[in-house]
Amino acid sequence: MHVLPFLALATLVVVTPGVDMALVTRNALVHGRRAALLTAAGVNVGILLWVCAAALGLAALLAASATAFTVVKLAGAAYLVFLGLRAVLARERAAPASGVRAAPRDLLAFRQGLINNALNPKIAVFFTSVLPQFAGAHPSAGALIVLGLIFSAIGWAWLLAYALIAASGREVLGRARVRKTLSRLTGMVLVGLGVRLALERRP
């Protein structure tokens, strides 16, 4: 395996702004640190699912099938547009009492991150077209799992750290009107990313 070159590439891919970071940013600004961390956790659990799918060959089937790729792509795009529109159209809600945290909101944040990542067919393409190039002349399931876990570890480290940074912005931008404006802006970004995903062609 070519671990060091893969580390460099994986780090570049992970830290490049995209859908995951936009979703974490939105939940951090609207709901705070806990929601941001749970969104990041959901995203990374989704990556682990793709690692397992790649090892079992399921990701390769998805990447090879134009129909399956399109179905997953459109489902993911629709979900992003749904989240974005909900953020744009959301009304201001009263803040909960101090120390009170609604468990359903926590679960929702985690689920948003998980579904967003699970419905991203571009990850299937990455795991089936990029990982094998670093797994040696005859890539094995074990080698793919190791590289996938390395990618996942980088993802955990970066996105959790970014979630904390984004959540600190909520404290700085404490005014409800400012947070609401930023929420709508990130919602528009999610809508735009969803439309872009829907229009993208299979590599």
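Taken together, the values in this text are just the output of simple stated rules run on the coordinates, not laboratory data. None of these values were measured; they are calculated from a predicted model. Here the Cβ is made from the backbone with ideal geometry for all residues, glycine too, and neighbour counts use every protein chain on show.
A compact table of results
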| item | result |
| --- | --- |
| Whole-angstrom gap from segment 109-126 to segment 1-28, using each part's C-alpha centre | 13 |
| Anisotropy class of segment 1-59 from Cα gyration tensor, a/c 1.5 cut | oblate |
| FRET efficiency, 1/(1 + (r/R0)^6) with R0 25 Å, evaluated for Ala141 and Ala8 via beta carbons | 0.60 |
| Computed label-point distance, nm, for sites Gln133 and Val71 using a 7 Å Cα→Cβ extension | 2.9 |
| Neighbour net charge for Val189 - beta-carbon separation under 13 angstrom, K R +1, D E -1 | +2 |
